[in-house]
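Worksheet: one structure, shown below.
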Amino acid sequence: MTFELIALSEIATVPWKNGAGLTRELAISPADASVDDFDWRISVAAIERDAPFSAFPGVDRCIVLLRGAGMRLRSVDGAIDRRLTQAYAPHRFSGDAALQASLIDGACEDLNVMVRRGCCVADVATQSVSADVAAADAGLLLCASGEWQVGDVALKTLHALLWRSGLPRLQAHPLRAASALIVVRLCQDHA
């Protein structure tokens, strides 16, 4: 198994699908996929103003607030109305709905995990203590704060480890107090 070390600061920003914000794509599968035909996609978005979220029909989404006071997400039909204010807490929702994001107190930044329904499922969790990372077909470990030891790699804040083929299991240990590691495990949907 091969890991790819990613430094968020080295990834160029690109416009959102709807042009209303900017994102940094950490990984996409297949590697040559676009925002219209991916199996899974992981990115970090900077939200600097109230803006509509792009709709992604047939996609399940999970957002994790990384920086800032957060946002309120509302769908036009009122089916979704959530305040995302807790740092590092995963929030799951369907990409089918067109959503409006309203900032709570200034800009924020979030991790976005998107999986094509019927193709993949994503398990997104945040760790603050030593943890075993269970087997997965692909995934990403993002050091959201502090520093983590993962195998022989020391992950610094806003650095990530990506794997694209089966992970048997590994251990992650915080190297400092108040460290947070976001664990994204992607598995084929066998349903």
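The values are calculated or read from the model by the stated rules, or taken from the named source; none is laboratory data. Computed from a predicted model, the values in this text were never measured in an experiment. Quick reminder, even Gly has a Cβ in these numbers, built from the backbone with ideal geometry, and neighbours come from all protein chains shown.
Observations
- Flag if LEU140 is in contact (Cβ under 8 Å) with a residue 24 or more places away in the chain, within 19 Å of VAL59 (Cα to Cα), of a type outside the set (Gly, Ala, Ser) and in a strand (DSSP E or B): yes
- Residue in the range 99-115 that is touching an Asp or Glu at 6+ places or on another chain (Cβ under 6 Å), buried (at least 16 other Cβ atoms within 10 Å of the Cβ) and charged (D, E, K, R) present: no
- Enumeration of residues in the range 162-177 that are touching a residue at least 40 places away in the same chain (Cβ under 8 Å) and surrounded by fewer than 22 Cβ atoms within 10 Å (Cβ to Cβ): LEU162, TRP163, ARG164, SER165, GLY166, LEU167, PRO168, GLN171, HIS173, PRO174
- For the condition modelled with pLDDT of 95 or more, in the same structural domain as LEU111 (by TED's automatic domain parsing) and over 13 Å from the mean Cα position of the chain (by Cα), GLY70 qualifies.
- The residues on offer are LEU26, LEU65, and the sole one that is part of a strand (DSSP E or B), touching a helix residue (DSSP H, G or I) at 6+ places or on another chain (Cβ under 9 Å), hydrophobic (A, V, I, L, M, F, W, C) and not assigned by TED's automatic domain parsing to the domain that holds ILE182 is LEU26.
- For the range 135-159, the candidate set comprises residues that are closer than 16 Å to PRO90 by Cβ and among the small types (Gly, Ala, Ser); within that set, the residue that is surrounded by the most Cβ atoms within 10 Å (Cβ to Cβ) is GLY139.
- Any hit, the range 100-123, residues being farther than 22 Å from ARG41 by Cα, without any contact (Cβ under 8 Å) to a residue 60 or more places away in the chain and not in a loop (DSSP other than H, G, I, E, B): yes
- Screening ALA79 with (1) assigned to a loop (DSSP other than H, G, I, E, B); (2) closer than 13 Å to ALA101 by Cβ; (3) of a type outside the set (Phe, Trp, Tyr) gives one miss only, at (2).
- Within the range 38-56, residues that are under 20 Å from HIS159 (Cβ atoms) and outside the structural domain of GLU109 (by TED's automatic domain parsing) have Cβ atoms under 7 Å from residues that are modelled with pLDDT of 90 or more and of a type in the set (D, E, K, R) in no pair, counting only partners at least 6 apart in sequence or on another chain.
- When LEU167 is tested against (1) among the hydrophobic types (A, V, I, L, M, F, W, C); (2) within 19 Å of the chain's Cα centre (by Cα); (3) assigned by TED's automatic domain parsing to the domain that holds ASP50, only condition (3) is not met.
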